[in-house]
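Please read the structure below before turning to the comments.
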Number of protein chains: 2
Amino acid sequence: MPKSELRTIVPIVRSSLGERPTLDPQGGSTSLRMDTALHPIDLDDRSRMSDIILESAKLFAVKGYDGTSIRDIARAVGVAQASLYHFFADKREIHSTVVTISVERLLWLIRERLGACTTSSERVEAFAQAHAQHISENAPLYFASALGYNELADPVVKARVQRMRDSYEEILRGIIRDGIESGEFRELDVKLGARAIISCLNWMARWWRADGPDSAETIATEYVRLIIRGFRPE
Amino acid sequence: MPKSELRTIVPIVRSSLGERPTLDPQGGSTSLRMDTALHPIDLDDRSRMSDIILESAKLFAVKGYDGTSIRDIARAVGVAQASLYHFFADKREIHSTVVTISVERLLWLIRERLGACTTSSERVEAFAQAHAQHISENAPLYFASALGYNELADPVVKARVQRMRDSYEEILRGIIRDGIESGEFRELDVKLGARAIISCLNWMARWWRADGPDSAETIATEYVRLIIRGFRPE
DNA sequence: TCGCTTGCCGAACGAGCGTTCGGTAGAATA
DNA sequence: TATTCTACCGAACGCTCGTTCGGCAAGCGA
């Protein structure tokens, strides 16, 4: 089961390169499955494929896409270069998979966290904390995705990741809109408010490190509490 | 004079690679001149050197450091590859110069803009507007610097740019501290407040484009007005 | 007029890149 | 038992990269 889930996403990423996914009879339903993010991909099994993805993510996070060579990845995983091509079509597919899994996880985590919240303020805070949890739990994956997602060469993969980022942003906008409607927030520019919070969260990829004094969750919460003060009426 | 100013900064950047700057007798005084940013570098003369810097900035901004080749730059400028090495020691020096000039300009612009302001709120707004003005006036330079400044290979250049970014951040922190002292702002976490504003400004490099509906200055002002609401007392 | 510097170029260098090919050992399937 | 498939590898291919070298023409101070 864990391994089969991992084996589901790669053909989907690959399908955007012109190939059809081999595990599912229909392309349409698989991409729907992607966007709705019903489950996170398991990378904790000790399969080769997980290893490749995780080691690649570490390298991409530190050295960037261009700065990381196939030889680097092979050395980190402990296999020959040629072996990587047994699991992935090319280097771009490895990178696309890393980025896609990261965004998929983030979206899944946010949706799961939002279920337990009632007020709009709580929901904004939960949104930020889910983002922070993703940063701290999947640091290499997240940094690789955040720093390198505009290096995505394939336009189809890029479009799908963009679509997922759009729905990520739309979730926050919806929360703020609800808050305005219920009177919990004043009449404010929804786009601007959402973007301010997301900017703070995203910029953390540039300076936050796990060995620093504050946890990602703490910082995210404080950001939200500061900005949400500007959301309050009067 | 314009050209000579441009010819000042390059030896300074170069000096960090182990060479001594040739235009100034003392290394210490030149690096002091850099950090205090007494004047912006003129890139509007039609010299070869300005051309190389500006065309490189455009390419770095779009394709990144690794994605841009010496051949790309030479083609954009309209010279042979070998000619670039007449003005710069290597590719890294071109990139370092682009990034350094951008940060230098930003700092200079902020210091100039802050002179005309009185209240702390005005000063925070002026800070953000100076940043926005830099983005819109020097878009390629800024994007190249913002997206690629952690690709700086040379540790000495990286340290100097970091130092300039630190003093950039310290300016904003000082403004906020003054505002708290005078009672204009409540007792808030200065580091966090400054970081929130800077995050919004920096993240603009990822999504703002000159052909969009809003000017960079407008967006920056609205960000600040939103966040500053959370700075106000009670 | 001589010699030096500046600006510039064509051609080539070695290194590293992503990728491919032919093949093997072993497990799974028939 | 015969066949197929999975996981994996060593060695090489063609290509692009940053950089270097030797040389040329124009300008300029001596």
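Observations on the model:
- Across region B:71-174, C-alpha contacts under 8 Å between residues 6 or more apart give a mean separation that, scaled by the residue count, equals a relative contact order of 31 percent.
- Restricting region B:162-220 to GluC sites (Glu not before Pro) in coil, as DSSP defines it, with at most 12 other Cβ within 10 Å: B:Glu187
- Given their separation in residues at 0.36 nm each and the Cα-Cα distance between them, A:Leu192 and A:Ser215 gain 5.7 nm when the chain is fully extended.
- Sparse packing (at most 16 other Cβ atoms within 10 Å of the Cβ) combined with a DSSP loop state is found for the following trypsin sites (Lys or Arg not before Pro) in region A:128-228: A:Arg186, A:Arg209.
- 19 Å Cα-Cα threshold exceeded, pairs from A:Lys63/B:Lys158; A:Lys191/B:Lys63; A:Lys58/B:Lys91; B:Lys58/B:Lys91: A:Lys191/B:Lys63; A:Lys58/B:Lys91
- Across the identical copies, how the A:Ala89 labels are spaced - nm, sorted shortest first, 7 Å along Cα→Cβ: 4.4
- Calculated label separations, B:Leu192, copies of the chain, 7 Å along the beta-carbon direction, nm: 2.3
- B:Asp42 label point (Cα plus 7 Å toward Cβ) to equivalent points in the other copies: 6.8 nm, shortest first.
- A simple rule links phi to the HN-Hα coupling: the Karplus curve 6.51 cos²θ - 1.76 cosθ + 1.60 with θ = phi - 60°, which for region B:209-217 gives 10, 4, 8, x, x, 10, 6, 4, 4 Hz, with x for Gly and Pro.
- Summed buried accessible area for B+A [probe radius 1.4 Å, Å², rounded to 100]: 2500
- Residues of region B:55-83 buried by at least 30 Å² on assembly (accessible area, 1.4 Å probe, chain alone as reference): B:Asp66
- Considering the rotation that superimposes chain B on chain A, the residue of B whose beta-carbon lies nearest the axis, and that distance in Å, is B:Asp66, 2.
- The accessible-area loss of region B:192-218 on complex formation, taken against its chain alone with a 1.4 Å probe, reaches 10 Å² or more at B:Leu192, B:Arg195, B:Ala196, B:Ser199, B:Cys200, B:Asn202, B:Trp203, B:Arg206, B:Trp207.
- Accessible carbon and sulfur surface of region A:170-223 relative to its total accessible area, %, 1.4 Å: 46
The values are calculated or read from the model by the stated rules, or taken from the named source; none is laboratory data. Note that the coordinates shown come from a computational prediction; the quantities given were computed from them, not determined experimentally. Ideal geometry is used to build each Cβ from the backbone, glycine not excepted, and the neighbour counts take in all protein chains shown. Calculation scope for accessible area: heavy atoms of the full protein, side chains included, ligands and nucleic acids excluded. Shrake-Rupley method; radii C 1.70, N 1.55, O 1.52, S 1.80 Å.
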